[in-house]
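Notes follow the structure.
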Amino acid sequence: MIKGATLAFVLAVAIAGILPTAASQTPSPQGIPVDKEPLHHVVFENAYTRVFSVQLPPHSQTMLHRHDRDYVYVTFGASEIVNDVLGKPPVHVKLQDGEAGFVKGGFEHVARNLAETPFRTFAIEVKRKPKRVMSAEKVERGLELGHGAISEVVLDNEEVRIRDVQLSPSAMLHATKMLPYLLVAVTDLDLRDGAADRADAHLSQKVGGLAWRPAETAMITNQAQQNARFVTVEFK
């Protein structure tokens, strides 16, 4: 016959074997940090952002890794991938050259390249909320058209504003108020910022080049003999 104290102990052990502990109810991360994933390489970092260059060879994939921060992606060349987020069904995605978008962090995934060509993209992390050195009022998404210039606000949220800018030879992006921003070259660029009285007013970049710019009123002219396209990511 089991005495009262002994019976209480037996019941406690039995219940402990049935019910999960609080620690076991919180899933542990399975993926490695993004900065440890071998195909993610840091190419730029400052107080506002950390930029990873990612290049997947044809029919290859990343290791399972996690993104703790929100980030902006910009792709180079048309691509076809599978985004396999842990705990969700895989998603088949087709991306266009120069496509840009925003992704909320806090997930783990594997990216698979289905194409016969390399998949190239930037993951531009949002590190913190900077001081607002200029008005960060929301801008309506849409196109602004000028003489040989197209500027599209792709996305505008509480963290970033993304613009896709295309300029014909000699065309200008007219005076545009910009928060601190990263310029990403989608084509080879030979630009001049007429509003910048600085040594870096001239911007020459190859495809996939980056240029960090402070808050300013930009007046960017395409000095090349071919069309120019770039994406700007403003940090609020």
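A short reminder: the numbers here are calculations on the coordinates, not readings from a lab. Model, not experiment: these values are computed from the prediction. Note that each Cβ is placed from the backbone with ideal geometry, even for glycine, and that neighbours are counted across all protein chains shown.
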Computed log₁₀ I(q)/I(0) - Debye formula, equal Cα scatterers, no solvent, segment 142-235, q 0.14, 0.21 Å⁻¹: -0.43, -1.04
Could you give each residue of segment 178-185 its phi-based ³J(HN,Hα) in whole Hz, using Karplus coefficients 6.51, -1.76, 1.60 with θ = phi - 60°, and x for Gly or Pro? 10, 6, x, 9, 10, 9, 10, 7
Taking K and R as +1 and D and E as -1, what net charge do the other residues with C-beta under 13 Å from the C-beta of residue 63 add up to? -1
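Which of the pairs 94/127; 129/206; 36/236; 36/104; 104/127 have their Cα atoms more than 22 Å apart in this structure? Numbers along the way, then the final one.
Values: 94/127 28 Å; 129/206 29 Å; 36/236 28 Å; 36/104 20 Å; 104/127 13 Å.
Listed pairs above 22 Å: 94/127; 129/206; 36/236.
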What is the Å³ per residue value for the convex hull set by the Cα atoms of segment 32-126? 87
Just for segment 32-126, what percent of DSSP beta bridges are antiparallel, to the closest 5? 95
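Hey, any idea what the orientation-averaged projected area of the convex hull of segment 143-193's Cα atoms comes to, in nm²? Show your work: numbers first, answer last.
On the way: hull surface 15.7 nm².
Here the figure is 3.9 nm², rounded to one decimal.
Could you give the length gained on full extension between residue 97 and residue 157, defined as 0.36 nm per residue of separation minus the Cα-Cα distance, in nm? It would help to have the intermediate numbers written out before the result.
Numbers: separation 60, 0.36 × 60 = 21.60 nm, distance 2.28 nm.
Answer, rounded to one decimal: 19.3 nm.
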